[in-house]
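**Q** Okay, handing you the structure first.
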Amino acid sequence: MKNALATLIQSHRGSLRTTLAVLALFAAIFPAPELNAQIAAPFRPPTKEEPAKAWIGRIADGGLFYSMKFDGGPMVRLKQVWTNAFTNDNFLIVASAENVDLPRFEIRDVLLPELARSIAFLSQGVLTVEVVDQSSLIHHSHQVAGNEDEAAEIIKKIIEAKNGGNIWRITASSTEAPTVKMRAVAAPHLFPGTGNITRLVKAAETLEQERLKLVQISSGVPRRDPSRNPLTRIIPLDDQKVVVLIGVEDGIAGIESFIQASEQAFAQSMRRMPGEK
């Protein structure tokens with residue numbers, strides 16, 4: 001009985017020495033301070049004065065948990081904020097995705113893939129965001145249970161990924177651009193009057209600006225891609241006594257109804273008898 005117990009203790013001591021040897025080799029090849037070398041002090045959360053920042057909230061057995069505060073703007077702005085904190089990360093962004101606007105947000109302590117999915121969600125389905133999380137290789141090494149062969153393979157992978165950052169791949173959805181239309185609106189009673197058409201165009205331009213502001217508010221983003229909802233152009237043609245509108249249907253329809261209502265009201269006022277109110 002004593003011999004069996006001694007053999008068991010000796011066996012556990014040998015396994016412990018093997019595990020310690022592997023951990024020592026791991027520490028020599030990949031020291032702990034270098035684990036966060038590419039993230040350059042990202043642990044400090046942003047202050048109230050900082051409108052945007054990215055940092056690592058905590059490290060747990062499941063991996064690195066990221067946090068981000070963003071002040072709103074195009075995707076290229078978000079990339080700048082992220083790479084200011086994580087300089088080794090690589091971004092592959094197609095040109096059509098760079099100017100897609102995102103609302104302001106703050107998210108804390110999430111794994112990197114979940115952060116990528118959240119960015120895609122906030123774009124209202126316009127963006128597709130994929131990320132290759134290099135840190136998952138490092139944190140898998142914490143689960144190695146004293147097997148020298150497995151530990152050596154993990155350390156090899158760590159060395160290969162040591163100087164590489166995460167890889168982001170971002171594309172925009174292949175939705176078709178809105179159709180640009182042109183429409184002529186007759187306004188024969190407005191053109192002869194001095195300054196009538198000038199005042200009408202100025203008022204129509206003001207209404208169009210208000211329409212675009214409401215589009216931005218309803219979309220939840222501070223600035224909208226002008227190619228998706230361009231400003232309607234208003235071109236009066238004096239000789240033809242028409243106003244030409246160029247833009248998307250939403251803008252044209254609103255200004256057309258405004259011109260028609262103004263034309264009708266002005267025509268009725270001209271038909272009134274002298275002294276009529």
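**Q** Would you mind checking K69/K202; K79/K181; K69/K181; K213/K241; K69/K213; K181/K202 for any pair whose Cα atoms are more than 32 angstrom apart?
**A** Distance filter (> 32 Å) returns K69/K202; K79/K181; K69/K181.
**Q** With Cβ to Cβ distances under 9 Å as the rule, what net charge do the other residues near I252 carry (K, R +1; D, E -1)?
**A** -1
**Q** So how exposed is D238, as accessible area in Å² (1.4 Å probe, rounded to 10)?
**A** 100
**Q** Test of understanding: what is the full-extension gain from T83 to R183, defined as 0.36 nm times their sequence separation minus their Cα-Cα distance?
**A** Fully extending the segment from T83 to R183 adds 31.4 nm.
**Q** Excluding V185 itself, calculate the net charge of residues whose Cβ lies under 9 Å from the Cβ of V185, where each Lys or Arg counts +1 and each Asp or Glu counts -1.
**A** Taking every Cβ under 9 Å from that of V185, the sum is -1.
**Q** Pop the C-beta distance of S269 and V215 into the FRET formula with R0 = 30 Å and round what comes out to the nearest 0.05.
**A** 0.35
**Q** Right, another one. Test of understanding: what is the full-extension gain from A261 to R169, defined as 0.36 nm times their sequence separation minus their Cα-Cα distance?
**A** Gain on extension, A261 to R169, equals 28.1 nm.
The values are calculated or read from the model by the stated rules, or taken from the named source; none is laboratory data. These numbers were taken from a predicted model, which means no experiment stands behind them. All Cβ positions, even for glycine, are placed from backbone atoms using ideal geometry, and neighbour counts span all protein chains on display. Surface areas here come from the heavy atoms of the whole protein model, side chains and all, with no ligands, DNA or RNA. Shrake-Rupley method; radii C 1.70, N 1.55, O 1.52, S 1.80 Å.
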